[in-house]
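Below: one structure, written as structure tokens.
The values are calculated or read from the model by the stated rules, or taken from the named source; none is laboratory data. A quick note: this is a predicted structure, and the numbers were derived from the prediction, not measured. Cβ sites come from the backbone with ideal geometry, for glycine too, and all protein chains shown count toward neighbours.
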Amino acid sequence: MRFAQALLCEHPANGDPCFDCPSCRRVQRESHPDISMFSLERQNAQASGRGNPPASLTIETARAISAQAPLRPMNGNWRIVIVDDAERLQPDAQEALLKTIEEPPSFLVMLLVASDVESMLPTVRSRCEHLELAAVPASEIEHFLVDRGAAVDVASLTASFSGGAPGWAIRAVEDSALLEERTSIVTQAASWIGSTEFERIATAFSLSDGWQRQRGETSAVLEATAGLWRDSLLIRSGNSDRIVYRAQSDLTERLAGSHDISELLNALSAVWTCLDDLRINVRPRLAFESMVLSWPRMPARS
């Protein structure tokens, strides 16, 4: 989104967006008329109430993307189409986009955002310019937020919860509800890890039963769970300065002090395996149950 913001900014400085002009503010609010966004979550939200939502982006969504592409920009020089979860495009949907990708209008910038490029058709990959994006270090995000006027404690907490995404961090400083929501998700994940084996299974079944209706929220809990196991692994390996969820350090230190690196790594891998299984339509209950059974037991308090 920051790339799109830089293209549409009315007062760019050295190629970076100013963040304060009307165009930048519209981009941050996701209300800019020259940006169209598509994702699995948006597709399924629009199809709500029509049975079980599909687990992939359909050819109908691909046709909607192609229909947006030739529309001329209204406020600037560029028309931007962002397709998140692009690796979830069905093969026929990818083929439906080929003509737009091969012969885009001169004013069009299309961004296909994918976490697994190899899952996309070779014909699509060969027609795109590949940009590998890495997470921005939390320290850089924190310094940036402080420079923009955020309080040091707010900047530190926001940067740690951002997952390396500066755009989210900027929005969270301006909208405290985002930070409160992320804090609630991490607290829920910590409670899940810190519970008994029976409670872990019960929570797993509850989340799996709601997977079809609440994919976004449940995925966020799973990702926070992975982050907590990762923090435990960092503490165990002597890298405490790199942990993210410092407010949950009581939990992660207990885990690090009671389990060896292989157990913590196995727990972290189990979460990512669960997420991968859910993406390829493994039965949710099976995926969640297999994950929590791979977690080491929570140590008793001394």
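Go through the range 272-298 and give me each residue that's surrounded by 14 or more Cβ atoms within 10 Å (Cβ to Cβ), out of contact with any Asp or Glu (no Cβ under 7 Å at 6 or more places or on another chain) and touching a residue at least 60 places away in the same chain (Cβ under 8 Å).
Within the range 272-298, LEU278, ARG279, PRO284, ARG285, PHE288, GLU289, MET291, VAL292, TRP295, MET298 meet the criteria.
Given the options ALA226, ALA190, ALA256, name the one that is closer than 24 Å to ASP85 by Cβ, surrounded by 15 or more Cβ atoms within 10 Å (Cβ to Cβ) and not charged (D, E, K, R).
ALA226
For the range 255-273, the condition of being small (Gly, Ala, Ser), part of a loop (DSSP other than H, G, I, E, B), in the same structural domain as PHE198 (by TED's automatic domain parsing) and modelled with pLDDT under 95 holds for none of the residues.
Taking the criterion of being at pLDDT 80 or above and surrounded by 14 or more Cβ atoms within 10 Å (Cβ to Cβ), the residues of the range 18-27 that qualify are CYS21, SER23, CYS24, ARG25, ARG26, VAL27. Checking each residue of the range 44-59 against the condition of being surrounded by 17 or more Cβ atoms within 10 Å (Cβ to Cβ), in a helix (DSSP H, G or I) and at pLDDT below 85 gives at least one match.
For the range 17-37, residues that are more than 24 Å from PHE144 (Cα to Cα) and acidic (Asp, Glu) total 1. Taken together, the criteria exclude LEU71 from residues that are buried (at least 16 other Cβ atoms within 10 Å of the Cβ), on the phi < 0 side of the Ramachandran plot and of a type in the set (A, V, I, L, M, F, W, C). Taken over the range 146-160, the criterion of being assigned to a helix (DSSP H, G or I) and not hydrophobic (A, V, I, L, M, F, W, C) is satisfied by ASP147, ASP153, SER156, THR158, SER160. Residues that are on the phi < 0 side of the Ramachandran plot, in a helix (DSSP H, G or I) and either among the aliphatic types (A, V, I, L, M) or free of Cβ contacts under 8 Å to residues at least 24 places away in the same chain (or both) are absent from the range 209-216 altogether. Can you work out which of the residues in the range 101-124 that are in contact with a strand residue (DSSP E or B) (Cβ under 8 Å, 6 or more places away or on another chain), free of Cβ contacts under 8 Å to residues at least 40 places away in the same chain and not in a helix (DSSP H, G or I) is farthest from VAL81 (Cα to Cα)? Looking at residues that are in contact with a strand residue (DSSP E or B) (Cβ under 8 Å, 6 or more places away or on another chain), free of Cβ contacts under 8 Å to residues at least 40 places away in the same chain and not in a helix (DSSP H, G or I), I get MET120.
Among the residues of the range 239-247, none qualifies, meaning not one is modelled with pLDDT of 95 or more and within 18 Å of the chain's Cα centre (by Cα).
Does GLU102 satisfy the condition of being closer than 29 Å to THR58 by Cβ, of a type outside the set (A, V, I, L, M, F, W, C) and modelled with pLDDT of 90 or more? Lay out the reasoning, then the answer.
Numbers: closer than 29 Å to THR58 by Cβ: yes; of a type outside the set (A, V, I, L, M, F, W, C): yes; modelled with pLDDT of 90 or more: yes.
Yes; evaluated as a whole, the condition is true for this residue.
Within the range 231-244, residues that are not assigned by TED's automatic domain parsing to the domain that holds SER262 and in a loop (DSSP other than H, G, I, E, B) have Cβ atoms under 9 Å from residues that are among the aromatic types (Phe, Trp, Tyr) and modelled with pLDDT under 90 in no pair, counting only partners at least 6 apart in sequence or on another chain. Does the range 153-165 contain any residue that is among the hydroxyl-bearing types (Ser, Thr, Tyr), in contact (Cβ under 8 Å) with a residue 24 or more places away in the chain and not assigned by TED's automatic domain parsing to the domain that holds LEU255? The answer is yes, given that some residue of the range 153-165 is among the hydroxyl-bearing types (Ser, Thr, Tyr), in contact (Cβ under 8 Å) with a residue 24 or more places away in the chain and not assigned by TED's automatic domain parsing to the domain that holds LEU255. Do we find a residue being over 19 Å from ALA224 (Cα atoms) and not polar (S, T, N, Q) anywhere in the range 240-255? No, there is no match, as no residue in the range 240-255 is over 19 Å from ALA224 (Cα atoms) and not polar (S, T, N, Q).
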